[in-house]
Amino acid sequence: MGFQAGQVFINLPVANLQRSVEFFTALGFEFNPQYTDENATCMIINGNTYAMLLTREFFGTFTNKTIIDSAAHTEVITAISAASREEVDELVKKALGAGGKPFNDPVDHGFMYNWSFQDPDGHLWEVMYMDESAAQ
């Protein structure tokens, strides 16, 4: 993974890095070992998007602001697109089976379908599929 313009890195504080790696591995995500140590890991979402999962202590070295309790407060909703409605359901079911918690029930707008879950730290993840031909 070489850094290049246009890449997105989402930085999220986590209480237990190993637990987070195990959770997201169960969902099928991979990690770049070059950017992984006892403080952080680089989860590959796709070729241009990554989630940096950082221990709360290490995350704190990047900000003077208070780090919120993501189990009680929402700081961001990370949305990931899927190739189909079935893929949305599959990923959320994997998340729930791996220890994630439900967030919103599935929402079907006809042209767009989404379902959400919380990871073990309470971060919100939305998985969505959009049928662009139906949106016309």
Residue under evaluation Ser133, criteria (1) farther than 22 Å from Met43 by Cα; (2) of a type in the set (Ser, Thr, Tyr); (3) touching a residue at least 24 places away in the same chain (Cβ under 8 Å); (4) surrounded by fewer than 17 Cβ atoms within 10 Å (Cβ to Cβ), criterion not met: (3)
Leading residue by the ranking (surrounded by the fewest Cβ atoms within 10 Å (Cβ to Cβ)) among those in the stretch 99-130 that are more than 16 Å from Val14 (Cα to Cα) and touching a residue at least 40 places away in the same chain (Cβ under 8 Å): Met130
Test: residue in the stretch 33-56 that is outside any loop (DSSP other than H, G, I, E, B), more than 17 Å from the chain's Cα centre (by Cα), modelled with pLDDT of 95 or more and of a type in the set (Asp, Glu): no
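Going through Ser81, Ser70 one at a time, which residue ends up being over 23 Å from Pro13 (Cβ atoms) and surrounded by 12 or more Cβ atoms within 10 Å (Cβ to Cβ)?
Ser81
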Flag for Ile10 being outside any strand (DSSP E or B) and of a type in the set (A, V, I, L, M): no
Residue within the stretch 19-27 that is surrounded by 16 or more Cβ atoms within 10 Å (Cβ to Cβ), farther than 24 Å from Lys93 by Cβ, out of contact with any Gly (no Cβ under 7 Å at 6 or more places or on another chain) and of a type outside the set (Val, Ile, Thr) present: no
Complete set of residues in the stretch 60-118 that are part of a helix (DSSP H, G or I), under 16 Å from the mean Cα position of the chain (by Cα) and hydrophobic (A, V, I, L, M, F, W, C): Val88, Leu91, Val92, Ala95, Leu96
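The values are calculated or read from the model by the stated rules, or taken from the named source; none is laboratory data. Owing to the predicted nature of the structure, the values given are computational and were not obtained by experimental measurement. Methodologically, a virtual Cβ is constructed for each residue, glycine included, from the backbone with ideal geometry; neighbour enumeration extends over all protein chains shown.
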